[in-house]
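So the structure is just underneath, and the comments pick up after that.
The values are calculated or read from the model by the stated rules, or taken from the named source; none is laboratory data. Quick caveat, the model's predicted, so the values are computed rather than measured. When we count neighbours, we look across all protein chains shown, and the Cβ atoms used for this are built from the backbone with ideal geometry, even at glycine. These accessible areas exclude ligands, DNA and RNA; they are computed on the full protein's heavy atoms, side chains included. Shrake-Rupley method; radii C 1.70, N 1.55, O 1.52, S 1.80 Å.
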Amino acid sequence: MNPTKKIALILTVIFLLPAIFFSVYEISSLSKDEKMIEEIYYKQLEAIIFSVNQYSDDALNSWVYKLELSQQKNEAEELTTSLQNLLSLNSSISLGFVVDTLDQKPATRIFSLDSTFADSLRVSINEELRKNIAQIDQLVKYKRSGFQKITSIKSEYQLVIFIIEGSTNLQQVAGLVIDPEIFIQDLIGPRCQVIAKNQFVLSAFNKNSGALIYSTLQGDTTSLNSMPLAKDLWIFPDYSLGIRTEGASLQQLVQERTNTNLILLLGLDAILIVALILAFRSIKKEVQLAQNKSDFVSNVSHEIRTPLALISMFAETLEMGRVKSEEKKQEYYSIISKETNRLTGIVNKILSFSQTEAGKKTLHIEELLLTREVREILNTYDFHLSSKGFEYSFEENPTIRIMADKQALAEMIINLIDNAIKYSSHKKRIELTVGSDTTYGWVSIRDYGLGISAQDQKHIFDKFYRVPSGNLAKSQGTGLGLSLVKQLIEQQNGKISVTSQLGQGSTFKLYFQLSNANG
Ligand code: ADP
C-alpha cells in the first residue's frame with residue numbers, strides 16, 4: 001500500500017470512524033432522550049398540581065381543626081363564635097352546620113352570617129346527609145381510628161362534611177357549604193401565583209362548562225383541552241387545574257433542544273471531516289515532498305556521476321599519452337570541457353535554487369526590452385540548438401518594455417529552452433513568441449515534444465518533482481528547474497503558465513510586469 005493510502009486509512013480508522021459511530025449512536029438516542037425529558041417534565045408538572053391540591057387540603061384541615069378545638073371546650077358558644085369567625089374571614093364559605101343527632105329527627109344547627117338564608121337550607125341539607133349516610137358512616141370509622149377525613153358531597157350545593165368530636169367523645173357530623181369558585185380565587189389562586197413565577201401558567205377550569213375560573217396569566221385564553229396536563233381538584237372534583245409552561249410549549253422546548261443537538265452534532269462532524277481533509281492534504285504534500293527529495297538525491301548523483309566518469313576516463317587516456325593524433329586529442333579535450341560545463345550547470349542550478357529559496361538572491365529589477373533580451377539569449381544559444389538538431393523561430397515584438405531582472409530573465413528562458421530540448425524527441429522545433437496584454441508583457445516557449453498530462457501539470461512546479469515516466473532515464477534532471485523558474489518570476493511580480501497535451505508538446509509562458517514607459 002502506498003504511503004498516502006496508508007495515511008488516509010489511519011486517519012479514517014482513528015478519527016472518522018469513531019466520530020461517525022458516535023454521531024449515529026447519539027442521533028439514534030436523541031429521540032429516547034426526548035421522551036425521557038418529556039416524562040421528567042410531566043412528572044414535574046404533576047408534582048406542582050399535587051402540591052396545590054395538598055395546599056387546599058391543608059387549608060380545609062386547618063379550618064376543621066379550629067372548629068374541633070372549640071367543640072372540645074363543650075361550649076356551644078365557643079363553636080358558634082369559631083364558626084362565625086371562619087365565615088367572616090373566608091368569603092368562600094357561605095354557611096356551616098353541625099348535626100346534633102343523626103336519627104329520624106336530626107337537629108341541624110346552621111351557622112350563617114345571613115340568618116334568613118340559613119333557615120331555608122336546613123331541610124335540604126338534612127336530605128343530602130341522609131342520602132349520603134354510608135359515606136358518613138365511613139367518616140365516623142376513620143375518625144374512630146384517629147384519622148380526620150374531609151369529604152365533599154355532590155349536591156345542589158358544594159358540601160364538605162367531616163366528623164368532629166366534642167369533649168364527651170360524642171361524634172357529630174359537621175360541614176361547610178363552600179363556593180368553589182371563590183375558594184379557587186381566594187385561596188388556590190395566590191398559592192398558584194407563588195408556584196408559577198414566570199415559568200408556568202396554572203389555570204383552574206369548571207370541568208362541566210369548560211369555563212376558565214382563574215389563571216396565573218391574566219387574559220390567558222388556553223382552554224382546558226389544550227393544557228398539556230390537567231388534574232381534578234381533590235376537594236372539588238368538578239373543577240380541574242391545568243398547567244403549561246409559559247412561552248413555548250413543552251413539546252416545542254424539547255423539539256428545539258433536539259434540533260439544536262442535532263445541528264451541533266452534524267456541524268461538529270462537518271468540521272471534523274473538513275479538518276481531516278485538510279490534514280490529509282498537508283500530510284500528502286509532505287509525503288510527496290519527502291519522496292521527491294529522495295528521488296532528487298539519486299537523480300543528482302546520477303547526473304554528476306556520468307560527466308565525472310567521462311572526464312576521468314578521457315583525462316586518464318590523455319595523461320597516459322596513448323592518444324597520438326592531434327585531432328583525437330582535440331576531440332577528447334572538447335568532451336572534457338563539455339562535461340565540465342554540464343557539471344558546472346548542474347551545480348549552478350542547485351546553488352541558484354537554494355539561494356532563491358532561502359531568499360538570499362537579490363534581484364535588480366530594471367526596465368528591459370523583452371525582445372532584445374530574448375534575441376541575445378538566442379544568439380548565444382543558437383549553436384547549442386542547432387548542434388542538437390533543433391530549428392527554432394522567434395516572433396518578435398520590439399516595443400514591449402518590461403520590468404525584470406536581466407540575469408533572472410536569462411536563467412528562466414534558458415531553463416525553459418533546456419527543458420524543451422530535453423523533452424522533445426521526434427519533432428525538434430521550438431517556437432518563441434513575445435507579446436503583451438493590458439497588464440503583462442510575455443514570452444512563450446513552445447515545443448512539439450512529449451507533452452505533460454493534466455495531472456502532472458499540477459505538480460511540475462513543485463520542488464524536486466519529476467514526471468515519473470519511462471523516458472526519465474534518458475533525460476536526467478534534478479526536478480528543480482521549473483520550481484526555480486516559478487520562484488524567480490514570482491519574485492518579479494510576474495507569473496508562469498503552461499498549456500500542454502501528452503504527445504503534442506507544451507507551451508510555457510512567462511508573464512512580466514509591463515513598464516510604464518510602454519505608453
Ligand atoms: P527536470 O527537468 O530537471 O526534471 P523541471 O523542474 O525542469 O525538472 O521539470 C519538472 C518536470 O516537468 C520534468 O521532470 C518533466 O517531466 C516535465 N517537463 C518540464 N518541461 C517539459 C517540457 N517542455 N515538455 C515535457 N515535459 C516537461
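Details
- Among the residues of the range 134-154, those that are among the hydroxyl-bearing types (Ser, Thr, Tyr) and surrounded by fewer than 19 Cβ atoms within 10 Å (Cβ to Cβ) comprise Tyr142, Ser145, Thr151.
- Note on the range 234-277: residues that are among the small types (Gly, Ala, Ser) and outside any loop (DSSP other than H, G, I, E, B) amount to 5.
- Among the residues making up the range 498-513, those that are of a type outside the set (Gly, Ala, Ser) and either closer than 20 Å to Asp456 by Cβ or open to solvent by 70 Å² or more (accessible area, probe 1.4 Å) (or both) are Val498, Thr499, Gln501, Leu502, Gln504, Thr507, Phe508, Lys509, Leu510.
- Lys463 being modelled with pLDDT under 95, more than 8 Å from the ligand (Cβ to nearest atom) and open to solvent by less than 70 Å² (accessible area, probe 1.4 Å): yes
- Residue within the range 355-365 that is under 18 Å from Ile445 (Cβ atoms), open to solvent by less than 70 Å² (accessible area, probe 1.4 Å), touching a residue at least 12 places away in the same chain (Cβ under 8 Å) and out of contact with any Asp or Glu (no Cβ under 8 Å at 6 or more places or on another chain) present: no
- The range 58-68, residues that are out of contact with any helix residue (DSSP H, G or I) (no Cβ under 8 Å at 6 or more places or on another chain) and modelled with pLDDT of 85 or more: Asp58, Leu60, Asn61, Ser62, Val64, Tyr65
- A search for C-beta distances below 8 Å between a residue of the range 255-281 that is β-branched (Val, Ile, Thr) and any residue that is in a helix (DSSP H, G or I), counting only pairs 6+ apart in sequence or on different chains, returns Thr258/Leu30; Thr258/Ser31; Thr258/Asp33; Thr258/Glu34; Ile273/Leu16.
- The residues on offer are Ile20, Ile7, Ile49, and the sole one that is assigned to a helix (DSSP H, G or I) and within 28 Å of Phe236 (Cα to Cα) is Ile49.
- Filtered residues of the range 482-497 (kept if within 8 Å of the ligand (Cβ to nearest atom) and open to solvent by 10 Å² or more (accessible area, probe 1.4 Å)): Leu482
- Extreme residue, surrounded by the fewest Cβ atoms within 10 Å (Cβ to Cβ), among residues of the range 116-133 that are of a type in the set (A, V, I, L, M) and at pLDDT 80 or above: Ile133
- Residue list for the range 411-428, filter: surrounded by fewer than 17 Cβ atoms within 10 Å (Cβ to Cβ) and not polar (S, T, N, Q): Asp418, His426, Lys427
- The range 69-84 - residue that is open to solvent by 20 Å² or more (accessible area, probe 1.4 Å) and more than 14 Å from Ile110 (Cα to Cα) and, of those, modelled with the highest pLDDT: Leu69
- Taking (1) part of a helix (DSSP H, G or I); (2) open to solvent by 60 Å² or more (accessible area, probe 1.4 Å); (3) modelled with pLDDT of 85 or more in turn, Ser91 satisfies each apart from (1).
- Residues satisfying the criterion are absent from the range 314-330 (criterion: of a type in the set (Ser, Thr, Tyr) and within 16 Å of the ligand (Cβ to nearest atom)).
- Matching residues in the range 155-171 - criterion: being in contact (Cβ under 8 Å) with a residue 60 or more places away in the chain, open to solvent by 10 Å² or more (accessible area, probe 1.4 Å) and assigned to a strand (DSSP E or B): Gln158, Glu165
- Filter pass, Gln407 being more than 8 Å from the ligand (Cβ to nearest atom) and within 49 Å of the chain's Cα centre (by Cα): no
- Failed item in (1) in contact (Cβ under 8 Å) with a residue 60 or more places away in the chain; (2) open to solvent by 60 Å² or more (accessible area, probe 1.4 Å), with Ser352 passing the rest: (2)
- Of the residues examined, Thr306 is one that is surrounded by 13 or more Cβ atoms within 10 Å (Cβ to Cβ), under 29 Å from Tyr448 (Cα atoms) and in contact with a helix residue (DSSP H, G or I) (Cβ under 9 Å, 6 or more places away or on another chain).
- Evaluation of Ala408 against (1) closer than 19 Å to Gln492 by Cα; (2) open to solvent by 60 Å² or more (accessible area, probe 1.4 Å) (one fails), failing number: (2)
- Residue check for Glu396: open to solvent by 20 Å² or more (accessible area, probe 1.4 Å), without any contact (Cβ under 8 Å) to a residue 60 or more places away in the chain and acidic (Asp, Glu): yes
- Residues of the range 415-440 that turn out to be within 16 Å of the ligand (Cβ to nearest atom) and farther than 17 Å from Ile460 by Cβ, as a count: 9
- Of the residues making up the range 401-417, those that are closer than 26 Å to Arg466 by Cα and out of contact with any Gly (no Cβ under 7 Å at 6 or more places or on another chain) are Gln407, Ala408, Leu409, Ala410, Glu411, Met412, Ile413, Ile414, Leu416, Ile417.
Each row is one residue, and each column tells you yes or no for (1) more than 25 Å from the chain's Cα centre (by Cα); (2) at pLDDT 90 or above; (3) surrounded by 11 or more Cβ atoms within 10 Å (Cβ to Cβ).
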| residue | (1), (2), (3) |
| --- | --- |
| Leu16 | no, no, yes |
| Glu26 | no, no, yes |
| Glu34 | no, no, yes |
| Ile37 | no, no, yes |
| Tyr42 | yes, no, yes |
| Ser56 | yes, yes, yes |
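Yes or no, residue by residue, for (1) in a loop (DSSP other than H, G, I, E, B); (2) in contact with a strand residue (DSSP E or B) (Cβ under 8 Å, 6 or more places away or on another chain):
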| site | (1), (2) |
| --- | --- |
| Thr371 | no, yes |
| Val374 | no, yes |
| Thr380 | no, no |
| Phe383 | no, no |
| Ser386 | no, no |
| Phe394 | no, yes |
| Pro398 | yes, yes |
